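Right, one structure below, let's go through it.
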Amino acid sequence: MADTEKCIILGSGCAGLTAAVYAARGTLEPLVFEGAEPGGQLSLTSVVENFPGFPDGIGGLDLIESIKRQAQRFGARFRYGVVKHIDFAERPFRLEIEDETEPVLAHSVIIASGARARTLDLPGEQELWGRGLSSCATCDGAFFKQKRVVVVGGGDSAMEDAIYLTKFASEVHVVHRRDKLRASQIMQDRALHNAQIHFHWNRVPARFERDGAGKLSGLVAKATDGTAEESIACDGVFYAIGHIPNTDMVGDALPRDAAGYLMADGVVSKIPGVFIAGDVSDHRYQQAVTAAGTGCAAAMEAEDWLQAEGLLGR
Ligand code: NAP
């Protein structure tokens, strides 16, 4: 078995990468497991307008790639792979990696595994996924040139997606379950004043419609008061209905809040040597800059802890 790692970081989004920059500069020689979605959600974001230091905005992927290069410059190592289970019962911790037989051992772990897009479990969802149904407008929007699309949701992601999709689609319809948007005021204003975006208030998706060839041809949305159904003809449907934290690998070893997000004292978990950063424990802010901030804090706590345990070899 390979040597025990000083610090393993789960996740390569803004939190994991920032943790990697700090851990690498702190001589923790971090090993980053990139996770199921390398780069995290930011790499699926078109333009990030609110990350400090970029007055004209920066592409999500550009930002992620820059932080990764920064971490690599200080010696952080990256490995494609998903950590499927961590055994915290003994130290060093034992990490099982998907599709690998050998576990990896680590003195400290930073969990920055982020969150994945929520889905609705409607009939036919599985077959339509990637064939008209998507949760990533930035990835798939260009497939819908001069087509009709529906965006489901009323938060910042939904507004961002709807606005982005107007670059390609001939019609963008937003289906939202209330009559008020959750999105920030600036995003609301942009979307509500965009003549290409049509809002369907107080409605939730009920089922998909398909043409004779099985291709997505519409979304039936039902009124939340149960009064009516409306069929919206479309070629694509984009879910933007929030996220589910990626916590499977910890089992019941760490506490979660009511929404399933990991709980910690700041970034310090209840297990010594285990630290938590980014969206996996952030139900409230979920911003690139807050993820970066907690990634930094987690790496600094890990460094202090390793030093106090005499595991840094300084
Ligand atoms: P969100 O703020 O949680 O919004 C999710 C939306 O989906 C809400 O409008 C919610 O309706 C709706 N929804 C949830 N479950 C649903 C269901 N089962 N059926 C139908 N509708 C459902 O998630 P988000 O938009 O992904 O944003 C997450 C965080 O990232 C936020 O803090 C946001 O500010 C941030 N963000 C910021 C930007 C930006 O600044 N440009 C861009 C993207 C994301 P209700 O409103 O009724 O709850």
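The values are calculated or read from the model by the stated rules, or taken from the named source; none is laboratory data. Source: prediction; values computed, not measured. When we count neighbours, we look across all protein chains shown, and the Cβ atoms used for this are built from the backbone with ideal geometry, even at glycine. Surface accessibility is based on the protein's heavy atoms, side chains included, excluding ligands, DNA and RNA. Shrake-Rupley method; radii C 1.70, N 1.55, O 1.52, S 1.80 Å.
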Scan segment 161-182 residue by residue and report those that are within 11 Å of the ligand (Cβ to nearest atom), surrounded by 14 or more Cβ atoms within 10 Å (Cβ to Cβ), under 18 Å from residue 219 (Cα atoms) and not hydrophobic (A, V, I, L, M, F, W, C). 161, 176, 177
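Quick check on this structure: which one of 283, 243 is in contact with a Phe, Trp or Tyr (Cβ under 7 Å, 6 or more places away or on another chain), open to solvent by 20 Å² or more (accessible area, probe 1.4 Å) and farther than 25 Å from residue 30 by Cα?
On the way: 243 fails: in contact with a Phe, Trp or Tyr (Cβ under 7 Å, 6 or more places away or on another chain).
Going through 283, 243 in turn, just one is in contact with a Phe, Trp or Tyr (Cβ under 7 Å, 6 or more places away or on another chain), open to solvent by 20 Å² or more (accessible area, probe 1.4 Å) and farther than 25 Å from residue 30 by Cα: 283.
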Could you list, in sequence order, all residues of segment 101-110 that are surrounded by 14 or more Cβ atoms within 10 Å (Cβ to Cβ) and either in contact with a Phe, Trp or Tyr (Cβ under 7 Å, 6 or more places away or on another chain) or more than 23 Å from residue 281 (Cα to Cα) (or both)? 103, 104, 105, 106, 108, 109, 110
Could you list, in sequence order, the residues of segment 140-163 that are more than 11 Å from residue 238 (Cα to Cα) and within 18 Å of the chain's Cα centre (by Cα)? 154, 155, 156, 159, 160
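To keep it simple, each residue is scored yes or no on (1) away from the ligand (no atom under 16 Å from the Cβ); (2) more than 19 Å from residue 268 (Cα to Cα); (3) in contact with a helix residue (DSSP H, G or I) (Cβ under 6 Å, 6 or more places away or on another chain).
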| position | (1), (2), (3) |
| --- | --- |
| 30 | yes, no, yes |
| 50 | no, yes, no |
| 56 | no, yes, no |
| 59 | no, yes, no |
| 86 | yes, no, yes |
| 92 | yes, no, no |
| 101 | yes, yes, no |
| 106 | yes, no, no |
| 116 | no, yes, no |
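Could you count how many residues in segment 14-28 are in a loop (DSSP other than H, G, I, E, B), open to solvent by 10 Å² or more (accessible area, probe 1.4 Å) and in contact with a helix residue (DSSP H, G or I) (Cβ under 6 Å, 6 or more places away or on another chain)? Give the steps one after another, and end with the answer.
Start the filter on segment 14-28 by keeping residues that are in a loop (DSSP other than H, G, I, E, B), which leaves 26-28.
With open to solvent by 10 Å² or more (accessible area, probe 1.4 Å) added as a condition, the list becomes 27.
The next check asks that each one be in contact with a helix residue (DSSP H, G or I) (Cβ under 6 Å, 6 or more places away or on another chain); those that pass are none.
Residues that pass the stated criteria total 0.
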Taking residue 313 as meeting all but one of (1) part of a loop (DSSP other than H, G, I, E, B); (2) farther than 22 Å from residue 63 by Cβ; (3) assigned by TED's automatic domain parsing to the domain that holds residue 22, write down the number of the exception. (3)
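For segment 278-309, name all the residues that are assigned to a loop (DSSP other than H, G, I, E, B) and acidic (Asp, Glu). If you could, list the steps in order and put the result at the bottom.
To start, the set of residues in segment 278-309 that are assigned to a loop (DSSP other than H, G, I, E, B) comprises 282-287, 309.
Residues satisfying the conditions are 282, 309.
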Need the failing condition index for residue 53 against (1) closer than 28 Å to residue 250 by Cα; (2) open to solvent by less than 90 Å² (accessible area, probe 1.4 Å), just the number. (1)
Top-ranked residue of segment 1-13 - restricted to ones that are among the hydrophobic types (A, V, I, L, M, F, W, C) and open to solvent by 10 Å² or more (accessible area, probe 1.4 Å), ranked as modelled with the lowest pLDDT: 1
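Just give me the residues in segment 143-160 being open to solvent by 50 Å² or more (accessible area, probe 1.4 Å) and farther than 24 Å from residue 287 by Cβ, in sequence order. Walk me through how you get there before you give the answer.
Kept after step one, since they are open to solvent by 50 Å² or more (accessible area, probe 1.4 Å), are these residues of segment 143-160: 143, 145-148, 156-157, 160.
143, 145, 146, 147, 148, listed by residue number.
Considering only segment 32-48, how many residues are out of contact with any helix residue (DSSP H, G or I) (no Cβ under 6 Å at 6 or more places or on another chain), outside any strand (DSSP E or B) and surrounded by fewer than 20 Cβ atoms within 10 Å (Cβ to Cβ)? Explain how you work it out, then say what you get.
Going through segment 32-48, the residues out of contact with any helix residue (DSSP H, G or I) (no Cβ under 6 Å at 6 or more places or on another chain) turn out to be 33-38, 40-41, 47.
Retained after the next criterion (residues that are outside any strand (DSSP E or B)): 34-38, 40-41.
Pick out the ones that are also surrounded by fewer than 20 Cβ atoms within 10 Å (Cβ to Cβ) and you get 36, 38.
So the answer is 2.
Going by the conditions given, is residue 76 surrounded by 16 or more Cβ atoms within 10 Å (Cβ to Cβ), over 16 Å from the mean Cα position of the chain (by Cα) and among the small types (Gly, Ala, Ser)?
Values: surrounded by 16 or more Cβ atoms within 10 Å (Cβ to Cβ): yes; over 16 Å from the mean Cα position of the chain (by Cα): yes; among the small types (Gly, Ala, Ser): yes.
Yes: the conditions hold for residue 76.
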Could you figure out which of (1) part of a strand (DSSP E or B); (2) open to solvent by 40 Å² or more (accessible area, probe 1.4 Å); (3) not assigned by TED's automatic domain parsing to the domain that holds residue 168 isn't true of residue 275? (2)
